[in-house]
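The values are calculated or read from the model by the stated rules, or taken from the named source; none is laboratory data. Here the structure is a predicted model, which is why all the values come from computation and not from measurement. As a convention, Cβ positions derive from the backbone with ideal geometry for all residues, glycine included, and neighbour counts pool all protein chains shown.
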Amino acid sequence: MKTFASLFAAFLLTAFAMGQSTPSSRPVVIGYVGGYRGLVNTAVIDVKKLTHINYAFVDVQGNRAFLTNEKTDTVNFRTLNLLKQQNPALKILISIGGWTWSKNFSDAVLTDTGRRAFALSSVDIVRKYQLDGVDIDWEYPGMVGDGNKFRPEDKQNYTLMFQAIREELTKLQQETGRYYLLTTATGGFPAYLDHTEMSKAQEYLDYVNLMTYDYSYGQAGHHTNLYPSKNYDKENSAHKAVTTYLAAGVPAHKLVVGLAFYGKGGLVDSVADRGFQQKYNGNFRVGGYTYIKDSLVNKKGFVAYWDKKAKAPYLFNAAEKKFATYDDERSVKYKCRYVKKHKLGGVMFWEYSSDPKTYLLTAIDKYL
């Protein structure tokens, strides 16, 4: 005779299967919106071009999801929910972690008791503010991040964390009759897969948002390229991330390709090859794409170039030895075509305020 526990577990899995993401003819467009700065000006958000907003970030303190800026966070939740008047299909998720707030993940989910408390606190925020789900941005399980604790056990605990959150979301679904999303942002490089069990974790997830950016460091190169550059086949790229995640067992329709709405730059020690692959000896702030397009492209000594193989733009200022890498409308077009060709889940981007004139979001809307 089946026990109550086994029957309830079966119910949870059935309820999840009924709501889980499935291949769709409409790719998702997930925009991360930074609430950590304070109040979000939702009036400037072109909400009809988005399917999801991931609110960044909720902190991890002890073994709880924690609103560090509760006063402004609660206002932001209310105003973001009001955007559904313009786009009723919009989904709003809390994103927990990020580069700065991932320090305590490993401790928080180390034990079953800790995971349960973390899952409950995460879903309580969703419940209280009538949101649509949870996004986890753990940077990084089992690996060095921004002063984060990490341990070998993270590999299994990462999966168990998602299982615990999914169970709590399913309970909330039972209360409200609504399906709730569970997604994650992941490293867009193969080593991330060595420290996680993505084939198991994806069973609890609706989307896996690949952070296919921040690739270049130490020397001048693309930070958000679709393909490797010529003569650099080992270079990280969105294509490499997608193929490795597919091989690791994540279904194509759950994979979401990341776009960078900001640029990265450095001071190179040589002007050879327009600075490309030259060693950095310093950094300079490039800014968001609106600033790049309006103020840097073929201005102030910068010349715009296009890497045909990588499908990526870059800028070089030979006089000042400055190299800048970024996404533009052309690279976005190729990434959107790639998503459609390979029947992927869609695209996501970091971060909305970096392109207030919505140059790139308009390109996404056009090509996706």
Among residues of segment 156-203, those that are under 21 Å from the mean Cα position of the chain (by Cα), closer than 24 Å to residue 142 by Cβ and in contact (Cβ under 8 Å) with a residue 60 or more places away in the chain, counted:
4
Unique match (being buried (at least 18 other Cβ atoms within 10 Å of the Cβ) and touching a Pro at 6+ places or on another chain (Cβ under 7 Å)) among 212, 244
244
When the residues of segment 95-105 are narrowed to those that are of a type outside the set (D, E, K, R) and surrounded by fewer than 21 Cβ atoms within 10 Å (Cβ to Cβ), which ends up nearest to residue 153 (Cα to Cα)?
104
I'd like the full set of residues that are modelled with pLDDT of 95 or more and either in a loop (DSSP other than H, G, I, E, B) or hydrophobic (A, V, I, L, M, F, W, C) (or both), limited to segment 23-35.
27, 28, 29, 30, 33, 35
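When you go through 332, 286 one by one, which is the residue that is outside any helix (DSSP H, G or I), in contact (Cβ under 8 Å) with a residue 40 or more places away in the chain and farther than 18 Å from residue 33 by Cα?
286
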Being on the phi < 0 side of the Ramachandran plot, surrounded by fewer than 23 Cβ atoms within 10 Å (Cβ to Cβ), in a helix (DSSP H, G or I) and out of contact with any helix residue (DSSP H, G or I) (no Cβ under 7 Å at 6 or more places or on another chain) is the requirement here; does residue 43 meet it?
yes
Scope segment 234-251; condition touching a strand residue (DSSP E or B) at 6+ places or on another chain (Cβ under 9 Å) and free of Cβ contacts under 8 Å to residues at least 24 places away in the same chain; matching residues
246
Residue list for segment 289-328, restricted to those being closer than 19 Å to residue 226 by Cα, outside any strand (DSSP E or B) and touching a strand residue (DSSP E or B) at 6+ places or on another chain (Cβ under 6 Å)
327, 328
Might you let me know whether segment 255-267 holds any residue that is surrounded by 18 or more Cβ atoms within 10 Å (Cβ to Cβ), touching a residue at least 60 places away in the same chain (Cβ under 8 Å), touching a His at 6+ places or on another chain (Cβ under 7 Å) and at negative phi?
yes
Based on what the data block shows, is residue 259 assigned to a strand (DSSP E or B), more than 23 Å from residue 31 (Cα to Cα) and hydrophobic (A, V, I, L, M, F, W, C)?
no
Looking at residue 316, is it at pLDDT below 95 and touching a Lys or Arg at 6+ places or on another chain (Cβ under 7 Å)?
no
Of those in segment 52-78 that are in a loop (DSSP other than H, G, I, E, B) and buried (at least 17 other Cβ atoms within 10 Å of the Cβ), the residue nearest to the chain's Cα centre (by Cα) is 67
Only listed residue being of a type outside the set (S, T, N, Q) and surrounded by fewer than 24 Cβ atoms within 10 Å (Cβ to Cβ), chosen from 226, 193, 169:
193
Restricting to segment 56-72, name every residue that is in contact with a Ser or Thr (Cβ under 6 Å, 6 or more places away or on another chain) and free of Cβ contacts under 8 Å to residues at least 60 places away in the same chain.
59, 64
Residue list for segment 51-72, filter: under 30 Å from residue 26 (Cβ atoms) and of a type outside the set (A, V, I, L, M):
51, 52, 54, 55, 57
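Just wondering, is there one or more residues in segment 161-169 that are polar (S, T, N, Q) and touching a His at 6+ places or on another chain (Cβ under 8 Å)?
no
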